[in-house]
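Comments concern the structure below.
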Amino acid sequence: MKKKLIVANWKANPESIREAKEILSSIKRALKNLPNVEAIICPPAVFLAELTRKTKGNPRLEFGAQNAFWELNGAFTGQLGPTMLRNSGAKYLILGHSEARRAGDSDSMINRKIKLALTHGLKVILCVGEEERDEAGQYLQTIRTQLEENLRGVLKKQFANLVIAYEPIWAIGLNARAVDTPRGFLEQAIYIRKVISAFVGKDAALVLPILYGGSVKAENALSFLVEGEASGLLVGRASLEPENFIQILKSADEFVKNH
Ligand code: PGA
């Protein structure tokens, strides 16, 4: 079985590089004994260069950024281009997170960002997810539209550098109304593969990693990997609590080891 991808989305936390280093060093220590996981730490971009300095060449630990602009450089005050992030140690880039969508990232902006990042050597973690799981099933159309608009024009060979994170908005963050069920996730993942297969064919769609995100914690992580058959997890709040996050990494490692 392939390694599980466990992504830590630190969002706008912590406030200092000192705290960031503390969290990272606990995670690094734990990873020494966890050969079956790949942890992808996505700190605030200002900390990337410093955090990644001494971690090159560790196959269990990679870094990512949480957003990027759709141009590489130029007169764009406040923006960060994908190559800058790559040169600061990021290998992955989260795009289309619901919090970035809420702050103004439209489907067409996300599409430009994805194409630029993939062309310039970053792996993209594209987040999709609905506001509500309505009984009429409109949420399926929401997911389809996000995927179709965000991935328009992406070359077939570039899908090898794409990861999808399914994150229902109602399950994210402190205001989460519920956590998805592993079964609910599995159904969505099957649907996502179906939509993606129209882009790249069935075989490529079947191997695309699909992560679950939304209130993942030590207590529920394993169920998404076992019953939900998730390729990995995208963890927000719990990724800032080293004990909690390390427990998630251990569950994933143990699961892969036993299969
Ligand atoms: P959460 O966040 O784990 O705190 O719900 C997940 C996310 O927003 O990626």
Check your understanding: From the list L61, L48, L31, which one is without any contact (Cβ under 8 Å) to a residue 40 or more places away in the chain and buried (at least 18 other Cβ atoms within 10 Å of the Cβ)?
Key -> L61
Study note, to complete from the structure: Of the residues in segment 211-238 that are outside any loop (DSSP other than H, G, I, E, B) and away from the ligand (no atom under 14 Å from the Cβ), the one that is farthest from P14 (Cα to Cα) is V226
Review point. Looking at segment 187-196, which of its residues are over 12 Å from L208 (Cβ atoms) and within 17 Å of the chain's Cα centre (by Cα)?
Key: Q188
Practice item. Kindly check whether there is at least one residue in segment 88-104 that is more than 16 Å from the ligand (Cβ to nearest atom), of a type in the set (A, V, I, L, M), under 19 Å from the mean Cα position of the chain (by Cα) and on the phi < 0 side of the Ramachandran plot. Key: yes
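For every residue, the table says whether it meets (1) modelled with pLDDT under 95; (2) among the charged types (D, E, K, R); (3) surrounded by fewer than 20 Cβ atoms within 10 Å (Cβ to Cβ); (4) over 19 Å from A100 (Cβ atoms).
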| site | (1), (2), (3), (4) |
| --- | --- |
| A160 | no, no, yes, yes |
| E167 | no, yes, no, no |
| R193 | no, yes, yes, yes |
| I210 | no, no, no, yes |
| F245 | no, no, no, yes |
| D253 | no, yes, no, yes |
Check your understanding: Checking T83 against (1) more than 16 Å from the ligand (Cβ to nearest atom); (2) farther than 16 Å from V46 by Cβ; (3) outside any helix (DSSP H, G or I), which single condition isn't satisfied?
Key -> (3)
Study note, to complete from the structure: G173 vs (1) of a type outside the set (S, T, N, Q); (2) part of a loop (DSSP other than H, G, I, E, B); (3) over 20 Å from L147 (Cβ atoms); (4) at pLDDT 95 or above: all pass except (4)
Check your understanding: Regarding A68, is this residue out of contact with any Gly (no Cβ under 8 Å at 6 or more places or on another chain), farther than 25 Å from V207 by Cβ and either surrounded by 20 or more Cβ atoms within 10 Å (Cβ to Cβ) or free of Cβ contacts under 8 Å to residues at least 12 places away in the same chain (or both)?
Key -> no
Exercise for review: Could you tell me whether E50 is in contact with a strand residue (DSSP E or B) (Cβ under 9 Å, 6 or more places away or on another chain), away from the ligand (no atom under 16 Å from the Cβ) and of a type in the set (D, E, K, R)?
Suggested key: no
Review point. With respect to the numbered conditions (1) touching a helix residue (DSSP H, G or I) at 6+ places or on another chain (Cβ under 8 Å); (2) in a loop (DSSP other than H, G, I, E, B); (3) farther than 25 Å from P209 by Cα; (4) within 16 Å of the ligand (Cβ to nearest atom), which one is the sole condition not fulfilled by A12?
Key: (1)
Exercise for review: Identify the residue in segment 135-173 that is more than 16 Å from the ligand (Cβ to nearest atom) and among the charged types (D, E, K, R) and, among all such residues, is nearest to E229 (Cα to Cα).
Suggested key: R144
Point to revise | Tally of residues being within 11 Å of the ligand (Cβ to nearest atom) and outside any loop (DSSP other than H, G, I, E, B) across segment 239-259 | key: 5
Point to revise | Looking only at segment 197-240, and only at residues there that are under 15 Å from the mean Cα position of the chain (by Cα) and of a type in the set (S, T, Y), the one that is farthest from A171 (Cα to Cα) | key: S231
Review point. Do the conditions hold for K202, that is, is it over 20 Å from I27 (Cβ atoms) and either surrounded by fewer than 22 Cβ atoms within 10 Å (Cβ to Cβ) or of a type outside the set (S, T, N, Q) (or both)?
Key: yes
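The values are calculated or read from the model by the stated rules, or taken from the named source; none is laboratory data. Just so it is clear, the model here is predicted, and its values are computed rather than measured. In this analysis, Cβ positions are derived from the backbone assuming ideal geometry, glycine residues included, and neighbour counts consider all displayed protein chains.
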